[in-house]
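Reviewing the structure listed below.
Please treat every number below as a calculation from the coordinates, not as lab data. Note that the structure is predicted; figures quoted are calculated from it, not measured. Quick reminder, even Gly has a Cβ in these numbers, built from the backbone with ideal geometry, and neighbours come from all protein chains shown.
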Amino acid sequence: MLASPTSPSNTQTKILLINPNSSFSMTSTAMKALIGLENFSSNQVDQFTASSVAPSEITSFTTEVISAAACIHNLIPLLEQYDGFLVACFSEHPLVEMLREHTDKPVVGIMEASLVHATFLGHRFGILTTNKEWEPLLAKSIHHLALDHRCGGIKATNISPASLECVGQDIYNPKDEQLNALGMTLTE
C-alpha cells in the first residue's frame, strides 16, 4: 500500500492510476486488474487517461516520449490530491521520472513494480511483450534495475497492445512457444 507522511492513518490512501496512452479501454482494463488485488478496497484509486493528443497505444520509445509529454502538464495540478501514482505502461516510461521531479510522493511504473515483485517470488523471471521493438528496450530497463542475472529472457508475441483485450487468455497458454522459448511454464 502506498502512503505518504501527510496521509492520516484513518483515511484511505488515494492513488492515481495513470494510463499514459489515450485508450479508455486500456485504462478500464488496468483498473479491473487492480480491483482484484487484496488491499484494493482499503485504497481510493482514481483513473487518468491521457488526452487524445497522446498515442492510442505505446509501441516504442518515441511513443513513450510523446505520451509522457501529452500527460505531464495535466498531471502536475493533480499531484497534491493523491498519496501515490501508478503509471500503467509496462516499460521504463519517462513519465515516472518526470512525475518524480515534481513530487516526493511515491511514483512507480507497473514494470518496475512487477519485476521487483517477481524477484521476491522466484529466482528468475521472463517477459512476454507485444512487439519486437520492446525486446531491446525492456532489456535495457532490466539492466537499469540491475536484474539482468534474474531475467530468463524477453520474447515478443507480435500482438499489438490494442489487440491484447481481443486475444484474451490465448497468449498465456503454458504450451505456447514464447513461454517455452523462455524456458518457463505457468503455475496456478
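Applying the condition of being more than 22 Å from Asn158 (Cα to Cα) and touching a Ser or Thr at 6+ places or on another chain (Cβ under 9 Å) to the stretch 55-75 and asking which residue is surrounded by the fewest Cβ atoms within 10 Å (Cβ to Cβ) yields Asn74. One residue alone among Leu145, Leu78 is out of contact with any Pro (no Cβ under 8 Å at 6 or more places or on another chain) and touching a residue at least 60 places away in the same chain (Cβ under 8 Å), and that residue is Leu78. On the given criteria, is Leu137 in contact with an Asp or Glu (Cβ under 9 Å, 6 or more places away or on another chain) and part of a strand (DSSP E or B)? Judged against the criteria, Leu137 is not a match.
Residues of the stretch 27-66 that are more than 25 Å from Glu80 (Cα to Cα) and in contact with a helix residue (DSSP H, G or I) (Cβ under 7 Å, 6 or more places away or on another chain): Thr29, Pro55, Ser56, Glu57, Ile58, Thr59, Phe61.
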